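First the structure, in the form of structure tokens, and then the observations on it.
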Amino acid sequence: MSVASDQIERDWVEDPAADLLRVLFDFKPLSTDDVRRLREGLATEPVLTVRLAECLKRLNPWLGEDGVRRAIALVTRVAAVDVMEANENAYTALTYGVTAAHTKNGRRQDRNVRFFDFDDPSANSFEFARQVAIKGSRQDIIPDIIIYVNGLPLAVIECKSPALADPMGEAIRQFRRYESRDEFSGLGAPRLFETAQISIALARDVAKYGTTLTPARQWAEWKDPYPLTLDTLTAQLGRTPTGQDILLAGLLAPANLLDLIRNFVMFETIDGRRIKKLARYQQFVAVGKAIERIRTAVNPQRRGGVIHHTQGSGKSLTMVFLATKLRRLAEAENPTLVIVTDRNDLDDQIASQFQRSGFANPIQAESGQALREALSGGAGTTVMTTVHKFHSAVPTRSSVISDARNVFVMVDEAHRTQYGALAARMRAGLPNACMLAFTGTPIDKKDRSTREVFGDYLHRYLIDQAVKDGATVPIFYEMRDARLRIDGRDIERDIRSAFPELSDDEIEKLKRGMRLQEKLAGADVRIEAIAKDILEHYRATIEPNGFKAQIVAVSRDVAVSYVDKLRELGAPECALIMSASNNDTVRLQAHHLSKRERDDLISRFKKPGDPLKILVVCDMLLTGFDAPVEQVLYLDAPLREHTLLQAIARVNRTADGKTYGLVVDYWGDNKRISDALDLFSEEDGVLNALRPLSDKIQLLESRHRAAMRLFEGIDRADEALCLRLLELDDVRAKFELDFLRFAEAMDMVLPDPKALEEPYVSDLKWLSRLRVIARRAHYEEPFDPKDYGNKVGEIITKHLSVEGVEQLLAMRDILDPAFKQHLDSLNSAEAKAAEIEHAIRHEIHVHRDENPTAYASLWEQLEKIVNERREARVSAASALARLEEMSADVSAVRAGGSTSGSKLSGTAGAILPFLDEAIDAEARSGAASDVAKALEGYAVVVDWQHKEDVQRQMRRAIKERLRTLGMNATTIEAATAKVMDVARARLAR
């Protein structure tokens, strides 16, 4: 290094760092003579043994001279096979203390020796020294600054001139030499890193930190001086803080340094190798703010909150860090910790993370009873469970498991699980618990339940920040299209020839119930074309770099087709991971796996060198699946909202040589992408717009009375009598409306445990059962179109051809500001064609009621689906232009749904165009919302799209609501069919 560069390093980096430590945090500077004196002249000794002895006596006044010598020996002569083991052994001694003999009144009593006073930072000695030589086996090393606490070197700082081409790379390379590893074996002084916990590289505007043996790509910046604010730090420095100022303030402020070392360091064994992890700044800040709220909340019921950290940024580790700190929090009084997920595989994953991290004795509750027993066993327990186990663990509102206040519930992906009766039962079972939510995607602005249970955000770490920090890699998006063509208009004739026993009415039901989107998506010719395209793309762009792929299919049948076709085409080794059922067909059962077989395949897929390269999934591994080796997600399924965002995030994990993740979308549904983006539309007024609980309870009471009024004075056990009261159509219609309003009021009160009170729960169950029986009594035997599904699929496939796969949208970074400019410039022939097609379809839409049977043929339905899919793929570019808005977390995005100017979105918005446009707009919107609410209520039934009785109830609900608008019978029938199509497309699970 030149003299000029040395001077820049000293003036711009090292001196300002020393000044900050001395002036802001009162670190005492030590001269070379001070260091020599404090380590008794031993050039090989990194520890200031004299200072350590003084501090040990002060912190442990009962400890004798022999005990002091023994304690010092335990951290200066560490027995270990390598520097990582030595560091872990020393870390355990430093944070937990060591045992020393103590004699009192003639009796020996072993006591714990403290190396630090973690509770009172001012009781410790904070010092630093510059240019201290540490003797190695072959040569000395001279770090620029060493941070000592009580004489122990806890942080090592290397300064580099910002004028260098790669100052961070130079500093990190120097740490490799200091640690005597890789190409520098034998050239360093690894003993320094037996007690050192933090390694820091400074270059003024940029600064990074790591810990013992941290790989270069995992060194990170620290971008928050918490608990200081940037404004406060600016005021204290008298200038704008540099990157190194912020890092030093965040990491080395005395309270922060001790907190980090005690609560935010973790050792794990991964792939047989021991590694050490130190928290990232977002994890430290989130935990700090959670603890702050727990300590200071005026209302004990509002001690919790929501931590939103984007997928792949270490959310599970944040939970471990928070649990670790809660364990040591005096105010928590040996707390009970409950870690809640919504699926067994996530429960296993979280439990594994806690176990790998060395967290003491986490219990995985296997049942509701086991959960109840674990939480009833007294304080200090850590329990892992799925939210569903609270259903049996808390059978009634009075079934309190624990009313203790030192119960802390941490819920993973709270927006998915914490709604309705399950959340109410959890709150009822643990009425005084502190509820803390963790989510990888934003809380939907419509999701009132999550905010009511947990409160507002504690901390947010958004996707664009994670990419900037290198915590995740950027995600690129590419759209491709398999161009389908329907050959010949004689499908209708073939259908009738294949099923001569069916009446005209049953043929119409068959056409409406065939899930044509899925039939088209699973057609052999389409699967073959896309499989070839995937294989060509994977071999050309992903496999050469050593990365792997995941394919998401629309159904399990289609997933099987993908695996079979890939193997037929000679693809690299691939496997199918899917759920299983005893009622599966022979074709599906051939791909059933035991849990051990499935876990083995997943483990193999995660290993970079294993030949298993491609996983095909349908309903598994879309969320919570962490495989850094996965670089590309081939998406051929209509995923929605949180599930879509979480599936996309499978490819954003960092790995050596991985510079981006890629989503190749073969489905390209414009509306679903819009709905997913709408999750980022945050409205600060959401909480204020919620009704007070007292108002909701009053509404529940009045609607409950209205729903039960018809049965006053009669014996409810007499089912026949109750059914006779519902024989008239108008009585049943009013009963239906009252029931739905009562159910809606219950949903509004949930997740508050008040909704679990009697008689609300039992009455709702009784009314629901009576409603089903009454509906069944007024319908003919159901016709089930799924019995004919395979044959219809064969007929459709025979008339289908593919004109090849083409790229509609080239690979672009979804957060790149230039992305919008690129999309604005799209003026291809396809886009122009889509505009023309859209205009034609709009004209048809406007006049459809003039001839409601004009598009009734199966051929025309298929052609319409193909055209709409094509249009959605091309026009999706305009929706994708809004992806960059994620980086700014905008307050509003364009809502999807109606083309009539209505603000309705989601299912209601999709239904609105099918209602008679001559009717008052407000009445139409209200009806669309009511119908959507009713359909969503039915859609909670598993596989409802295959159950005619449920679909019959849905159609009845639609018709009854449309009659209130005054629509004529013909229009109602046509609209009902269209609305059911919307329900199948949007609400099928």
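The values are calculated or read from the model by the stated rules, or taken from the named source; none is laboratory data. Predicted, not measured: the structure shown is a model, and the values here were computed from it. Virtual Cβ from ideal backbone geometry, glycine too; neighbours counted across all protein chains shown.
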When T229 is evaluated against the numbered criteria (1) touching an Asp or Glu at 6+ places or on another chain (Cβ under 8 Å); (2) under 25 Å from S122 (Cβ atoms), which criterion, by number, is the only one it fails? (1)
Starting from the range 52-66, keep only residues that are of a type in the set (D, E), then list their pairs with residues that are assigned to a helix (DSSP H, G or I) and surrounded by fewer than 16 Cβ atoms within 10 Å (Cβ to Cβ) whose Cβ atoms are within a distance under 9 Å, requiring at least 6 positions of separation or different chains. E65/K57
Working carefully through the options M954, M967, find the one that is assigned to a loop (DSSP other than H, G, I, E, B), closer than 19 Å to D729 by Cα and either touching a Gly at 6+ places or on another chain (Cβ under 7 Å) or not assigned by TED's automatic domain parsing to the domain that holds R741 (or both). M967
When you look at V931, is it touching a residue at least 40 places away in the same chain (Cβ under 8 Å) and part of a loop (DSSP other than H, G, I, E, B), yes or no? no
All conditions in (1) assigned to a helix (DSSP H, G or I); (2) at pLDDT below 80 are true of R691 except (1)
Can you tell which of L615, L621, L710 is in the same structural domain as P572 (by TED's automatic domain parsing), of a type in the set (A, V, I, L, M, F, W, C) and modelled with pLDDT of 80 or more? L615
Identify, please: which residue in the range 575-611 is touching a strand residue (DSSP E or B) at 6+ places or on another chain (Cβ under 6 Å) and under 21 Å from A655 (Cα atoms) and is, among those, surrounded by the most Cβ atoms within 10 Å (Cβ to Cβ)? F605
Scanning the range 148-203 for residues that are of a type in the set (K, R) and surrounded by fewer than 23 Cβ atoms within 10 Å (Cβ to Cβ), the one farthest from the chain's Cα centre (by Cα) turns out to be R177
Which of (1) closer than 30 Å to D636 by Cβ; (2) at pLDDT below 65 is the odd one out, the single condition A482 does not satisfy? (2)
Could you please find all residues in the range 278-294 being surrounded by fewer than 20 Cβ atoms within 10 Å (Cβ to Cβ) and in contact with a helix residue (DSSP H, G or I) (Cβ under 7 Å, 6 or more places away or on another chain)? I291
Conditions (1) surrounded by 17 or more Cβ atoms within 10 Å (Cβ to Cβ); (2) part of a helix (DSSP H, G or I); (3) touching a Lys or Arg at 6+ places or on another chain (Cβ under 7 Å); (4) not hydroxyl-bearing (S, T, Y) -> H391 fails only (1)
I'd like to verify a number: residues in the range 585-621 that are within 21 Å of the chain's Cα centre (by Cα) and touching a residue at least 60 places away in the same chain (Cβ under 8 Å), how many? 7
Is it true that G377 is in contact (Cβ under 8 Å) with a residue 40 or more places away in the chain and either outside the structural domain of I261 (by TED's automatic domain parsing) or over 24 Å from K289 (Cβ atoms) (or both)? no
Can you name the residue in the range 204-229 that is aliphatic (A, V, I, L, M) and in contact with a Gly (Cβ under 7 Å, 6 or more places away or on another chain) and, of all such residues, is surrounded by the fewest Cβ atoms within 10 Å (Cβ to Cβ)? V206
Criterion violated by A297 - all others in (1) in the same structural domain as E331 (by TED's automatic domain parsing); (2) without any contact (Cβ under 8 Å) to a residue 40 or more places away in the chain; (3) surrounded by 19 or more Cβ atoms within 10 Å (Cβ to Cβ) satisfied: (3)
Going by what's in this entry, would T318 be described as more than 21 Å from N432 (Cβ to Cβ) and crowded, with 17+ Cβ neighbours inside 10 Å? yes
Which of the residues belonging to the range 51-83 are out of contact with any strand residue (DSSP E or B) (no Cβ under 9 Å at 6 or more places or on another chain) and polar (S, T, N, Q)? T76
What's the total number of residues in the range 265-280 that are without any contact (Cβ under 8 Å) to a residue 60 or more places away in the chain and in contact with a Phe, Trp or Tyr (Cβ under 6 Å, 6 or more places away or on another chain)? 1
Could you please let me know if D949 is touching a Lys or Arg at 6+ places or on another chain (Cβ under 9 Å), surrounded by fewer than 18 Cβ atoms within 10 Å (Cβ to Cβ), modelled with pLDDT under 75 and of a type outside the set (G, A, S)? no
In this structure, does L962 turn out to be outside the structural domain of D584 (by TED's automatic domain parsing) and not in a loop (DSSP other than H, G, I, E, B)? yes
Being touching a strand residue (DSSP E or B) at 6+ places or on another chain (Cβ under 6 Å) and aromatic (F, W, Y) is the filter here, so list the residues in the range 181-206 that pass it. none
Within the range 424-444, the count of residues that are surrounded by 23 or more Cβ atoms within 10 Å (Cβ to Cβ) and at pLDDT below 70 comes to 1
What is the number of the single condition among (1) in contact with a Ser or Thr (Cβ under 6 Å, 6 or more places away or on another chain); (2) modelled with pLDDT under 80; (3) surrounded by fewer than 23 Cβ atoms within 10 Å (Cβ to Cβ) that D447 does not meet? (1)
Can you pull out every residue in the range 631-660 that is surrounded by fewer than 24 Cβ atoms within 10 Å (Cβ to Cβ), among the charged types (D, E, K, R) and assigned by TED's automatic domain parsing to the domain that holds P544? R640, E641
Selection from the range 903-922 of residues touching a Gly at 6+ places or on another chain (Cβ under 9 Å) and at pLDDT 80 or above yields A908, I911, L912
Among the helices (runs of 4 or more DSSP H) contained in the range 258-375, which hold 3 or more residues that are modelled with pLDDT of 85 or more? 281-296, 315-328, 368-375
Does any residue of the range 89-100 turn out to be assigned by TED's automatic domain parsing to the domain that holds V50, touching a Phe, Trp or Tyr at 6+ places or on another chain (Cβ under 9 Å) and within 26 Å of I142 (Cα to Cα)? yes
Complete set of residues in the range 31-61 that are buried (at least 21 other Cβ atoms within 10 Å of the Cβ), under 48 Å from the mean Cα position of the chain (by Cα) and not in a helix (DSSP H, G or I): P46, V47, L48
Suppose the filter is modelled with pLDDT under 65, of a type in the set (D, E, K, R) and assigned by TED's automatic domain parsing to the domain that holds G609; does D505 pass it? no
